[in-house]
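The values are calculated or read from the model by the stated rules, or taken from the named source; none is laboratory data. On a predicted model such as this, the values are computed, not experimentally measured, just so you know. Neighbour counts run over all protein chains shown; Cβ positions are idealised from the backbone, glycine included.
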Amino acid sequence: MLRFEVSVDDLLRSRFALSPAMDLCFLLRSLADRAPLLPRAWAARLLPAFERLRRETELNAVLALHSAQGGPNFVAPPPRGLHQTWADDLAMIRATPLEAARHEFATTVTGPSARDPRVRAVLDSPDAVSRIAEATDRAWRELLAPDWPQLRAICERDIVHRVGVIGEHGWATTIESLHPSIAWQAGGIGIGHFPQVGTVRLAGDGLLLIPSAFVGHIAAHTEDPWPRTLIYRARGTAALWGEQEDVPRPDALTALVGRSRARLLLALDAPASTSHLARSLAMTPGAVGDHLAILRSSGLLVRARSGRSVLYRRTLLGEALAAGSG
């Protein structure tokens, strides 16, 4: 079991962040391993481009860095906050000193990858950092960038939901809701999903929490240069996978209010704005706004301003309809 010792100061400094680079790493690993985590429809769409990139770019050298259990630091630098972009991540990758990159190569590249002549030629070259950065950037642009606005919206909505849970129920409930194996114990967070890892002290630096669209269960960073981090599956990701997951279909609700309004009503298990809903459901903002207005006039939704955003949430009647659809 992995255990984080948590103090009051740690709770005060705990925060959320987004990591495009980390999600790209999880996606590449899923494609390379043909992992069942990735739905068949997504795999069928992305695998041809993935295999082409392995032939045309230095992507195999990037994949070799994914062999370490804790994940790569070089191609997935620690994010700085909620506004992290791929451009931010790529700039940090390109700025990595060659000696620091080579130190990571020596500790993470093992097994068959370490003996692959093409991989070794990249890792031993004086321009290894720029070659890996270029391959990673092409993988981002061709495999993940088209879907990232939708995935980012889902992660942002997840964070809005978690912050609401903190306000209503506190940190203990919020942390335990991240994964079934997590339990808030006296003075710390226990995570039974991991093997015998031991105890990690946060030492007043707080815990970084990152929602992900592609992490299998839950992942952690416990060593520098990352802050102590938990990466968890974002709520709402299952809706992307459609028929590839055992998600209840809103057949009765669809017959009552229509397919698009049923999708919106079911998506509002946490408050969300028009723009977040549009991105996460791949709908136009105008269409979302029209459907939300009808749902609101029917007594299924209410809205309230939060800062510069207007958030919609289900009424009791909307909750009853959504619950009945499942």
| field | The one condition in (1) under 18 Å from H161 (Cβ atoms); (2) surrounded by 13 or more Cβ atoms within 10 Å (Cβ to Cβ); (3) of a type in the set (S, T, N, Q) that S298 fails to fulfil | value | (1)
| message | What's the total number of residues in the range 155-175 that are surrounded by fewer than 17 Cβ atoms within 10 Å (Cβ to Cβ) and among the charged types (D, E, K, R)? | response | 1
| request: Return the total of residues in the range 177-189 being surrounded by fewer than 18 Cβ atoms within 10 Å (Cβ to Cβ), touching a residue at least 12 places away in the same chain (Cβ under 8 Å), over 21 Å from E156 (Cβ atoms) and within 22 Å of the chain's Cα centre (by Cα). | output: 1
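I'm trying to understand the selection: among the residues of the range 279-290, which are without any contact (Cβ under 8 Å) to a residue 24 or more places away in the chain and not β-branched (V, I, T)?
We begin by selecting, within the range 279-290, every residue without any contact (Cβ under 8 Å) to a residue 24 or more places away in the chain; these are 283-286, 289-290.
Within the range 279-290, M283, P285, G286, G289, D290 meet the criteria.
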| What single numbered condition from (1) more than 28 Å from L207 (Cβ to Cβ); (2) more than 21 Å from the chain's Cα centre (by Cα); (3) assigned to a helix (DSSP H, G or I) fails to hold for A101? | (1)
| Matching residues, the range 41-76, being touching a residue at least 60 places away in the same chain (Cβ under 8 Å), of a type outside the set (S, T, N, Q) and under 25 Å from E223 (Cβ atoms) | A61, V62, L65, G70, G71, V75
| Out of L82, L59, L63, L38, which single residue is crowded, with 17+ Cβ neighbours inside 10 Å, over 17 Å from V119 (Cα atoms) and either modelled with pLDDT of 90 or more or outside the structural domain of H221 (by TED's automatic domain parsing) (or both)? | L38
| said: Condition first: free of Cβ contacts under 8 Å to residues at least 12 places away in the same chain and in a helix (DSSP H, G or I). Now tell me which residues in the range 11-37 satisfy that. | reply: D33
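Of the residues that sit in the range 152-209 and are within 16 Å of L18 (Cβ to Cβ) and in contact with a Pro (Cβ under 7 Å, 6 or more places away or on another chain), which one is modelled with the highest pLDDT?
Start the filter on the range 152-209 by keeping residues that are within 16 Å of L18 (Cβ to Cβ), which leaves 152-163, 178, 207-209.
From what's left, in contact with a Pro (Cβ under 7 Å, 6 or more places away or on another chain): 155, 158-160, 208.
Details: C155: 90, D158: 89, I159: 91, V160: 85, L208: 95.
Only one residue tops the list, namely L208.
Quick one: which of D10, D89, D33 is acidic (D, E), assigned by TED's automatic domain parsing to the domain that holds V129 and surrounded by 16 or more Cβ atoms within 10 Å (Cβ to Cβ)?
Numbers: D10 fails: assigned by TED's automatic domain parsing to the domain that holds V129; D33 fails: surrounded by 16 or more Cβ atoms within 10 Å (Cβ to Cβ).
Every option except D89 fails the conditions.
Please determine, by comparing only the residues of the range 190-204 that are over 22 Å from the mean Cα position of the chain (by Cα) and on the phi < 0 side of the Ramachandran plot, which one is surrounded by the most Cβ atoms within 10 Å (Cβ to Cβ). Talk me through it step by step, then tell me what you get.
First, the residues of the range 190-204 that are over 22 Å from the mean Cα position of the chain (by Cα): 195-204.
Right, trim to on the phi < 0 side of the Ramachandran plot and you get 195-197, 199-202.
Numbers: P195: 8, Q196: 6, V197: 12, T199: 12, V200: 18, R201: 14, L202: 20.
Across the range 190-204, the extreme among qualifying residues is L202.
Do we find that E142 is in contact with a Leu (Cβ under 8 Å, 6 or more places away or on another chain), surrounded by 15 or more Cβ atoms within 10 Å (Cβ to Cβ) and in contact (Cβ under 8 Å) with a residue 12 or more places away in the chain in this structure? Before the answer, list the steps.
Details: in contact with a Leu (Cβ under 8 Å, 6 or more places away or on another chain): yes; surrounded by 15 or more Cβ atoms within 10 Å (Cβ to Cβ): yes; in contact (Cβ under 8 Å) with a residue 12 or more places away in the chain: yes.
So E142 fits the description; yes.
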| request: Being polar (S, T, N, Q) and surrounded by fewer than 20 Cβ atoms within 10 Å (Cβ to Cβ) is the filter; apply it to the range 104-121 and report the residue that is nearest to L207 (Cα to Cα). | output: T107
| field | Unmet requirement for L317, which otherwise passes all of (1) out of contact with any helix residue (DSSP H, G or I) (no Cβ under 7 Å at 6 or more places or on another chain); (2) modelled with pLDDT of 85 or more; (3) closer than 16 Å to H276 by Cα | value | (3)
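Among the residues of the range 289-318, how many are under 18 Å from R157 (Cα atoms) and part of a helix (DSSP H, G or I)?
Quick first cut of the range 289-318, residues under 18 Å from R157 (Cα atoms) only: 289, 292, 301-314.
Within this subset, residues satisfying the condition of being part of a helix (DSSP H, G or I) are 289, 292.
The qualifying residues number 2.
Kindly provide the set of residues from the range 11-27 that are more than 18 Å from D137 (Cα to Cα) and among the small types (G, A, S), ordered by number. Don't jump to the end; show me each part of the working.
If we filter the range 11-27 for residues that are more than 18 Å from D137 (Cα to Cα), which is where we start, we get 11-17.
S14, A17, listed by residue number.
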| said: Of all residues being at pLDDT 90 or above and of a type in the set (A, V, I, L, M) in the range 274-288, which is farthest from A153 (Cα to Cα)? Just the residue, please. | reply: A287
